[in-house]
Amino acid sequence: MDPLVSYDLADGVATLTMDDGKVNAMSPAMVAAVNAALDRAEADGAIVVLAGRPGVFCAGFDLKTLAAQDDAADRLALDGFALVSRLVAFPTPVVAACSGHAIALGALLLAACDYRLGAVGDYKLAMNETAIGIPLPVPAIELLRQRLHPSVLHRAVNLAETFSPADAVAAGWLDRVVDADDLLTAAREHARGLTSLNLAAYRLTKQRAWQSTVDSFDKYFAQGARTRGILRPLSG
């Protein structure tokens, strides 16, 4: 397995741990590594735990790649959103173990998981795009509309408000917060409990529940997003 993402399979649960030694930025290599790990979990028919390194779940896109504002930046943006869409539609449950900062794309990856545990700690969850001049794509907003409390959506999406782990539960970013030392164990235990689900019923119900969000991503990709500079900042 790619060293950016480790893979551990036990008791029907595949733990995918992202660790680039820094902030788990979604570079082209990291996106590819997560997809490869998901391919393996799908082949194993496993429930997934998606985890980050200590202190960081995912700090968003690799800014060095995006700053070039070229075709490679557009490809990375589209591939990152495709990864979010894949998690939304993944055929087995995905449990997030949020070990720290979840910013921008990292927060979207978190929102795309079925159940989200967070560690107690001094870190932030935020969609900071409008603070840095980037309008959020429609499918990202549709995903957050499904996840966040209605009274929070505007503050999170338009005002780029940051949330602590404790506030994130009430807001809808997280489902539960546990001690940092217990995070991975709690996530795996929750995932093991989900192995009792009838996965055929789970897949069909999930498809019905999330179809409008998946359709929103598919429509966006079909419109040729690669050529439009979808994550290039606006002036003013």
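Values as computed for the structure displayed
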item	result
Qualifying position, being crowded, with 23+ Cβ neighbours inside 10 Å and either polar (S, T, N, Q) or part of a helix (DSSP H, G or I) (or both), among LEU83, LEU110	LEU110
Inter-residue pairs, beta-carbon under 7 Å, first among the hydroxyl-bearing types (Ser, Thr, Tyr) and in the range 8-26, second at pLDDT 95 or above, 6+ apart	THR15/ASP8; THR15/VAL49; THR15/ALA51; THR15/ARG188; THR17/VAL5; THR17/SER6; THR17/ALA51
Residue match in the range 31-38 (condition: among the polar types (S, T, N, Q) and either at pLDDT 95 or above or assigned to a strand (DSSP E or B) (or both))	yes
Matching residues, the range 28-52, being surrounded by fewer than 19 Cβ atoms within 10 Å (Cβ to Cβ) and either closer than 12 Å to GLY106 by Cβ or of a type outside the set (D, E, K, R) (or both)	PRO28, ALA29, ALA32, ASN35, ALA36, ALA43, GLY45
Filtered residues of the range 1-20 (kept if farther than 14 Å from GLY106 by Cβ, of a type outside the set (A, V, I, L, M, F, W, C) and modelled with pLDDT of 95 or more)	SER6, TYR7, ASP8, ASP11, GLY12, THR15, THR17
Where a residue in the range 171-185 is without any contact (Cβ under 8 Å) to a residue 60 or more places away in the chain and on the phi > 0 side of the Ramachandran plot and its partner, wherever it lies, is buried (at least 20 other Cβ atoms within 10 Å of the Cβ) and in a helix (DSSP H, G or I), with Cβ under 7 Å and at least six apart	GLY172/ARG147
Answer from GLY193, GLY172, GLY133 - the residue that is farther than 18 Å from VAL56 by Cα and in contact with a His (Cβ under 6 Å, 6 or more places away or on another chain)	GLY172
Criterion (under 28 Å from LYS219 (Cβ atoms) and either among the small types (Gly, Ala, Ser) or assigned to a strand (DSSP E or B) (or both)) met by exactly one of ALA14, ALA77	ALA77
Given (1) touching a Leu at 6+ places or on another chain (Cβ under 8 Å); (2) within 16 Å of ALA97 (Cα to Cα), number of the condition MET127 does not satisfy	(2)
Residues of the range 147-200 that turn out to be in a loop (DSSP other than H, G, I, E, B), loosely packed, with under 15 Cβ neighbours inside 10 Å and charged (D, E, K, R), as a count	1
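The values are calculated or read from the model by the stated rules, or taken from the named source; none is laboratory data. As the structure is a computational prediction, the values presented were derived from the model and not from experiment. Quick reminder, even Gly has a Cβ in these numbers, built from the backbone with ideal geometry, and neighbours come from all protein chains shown.
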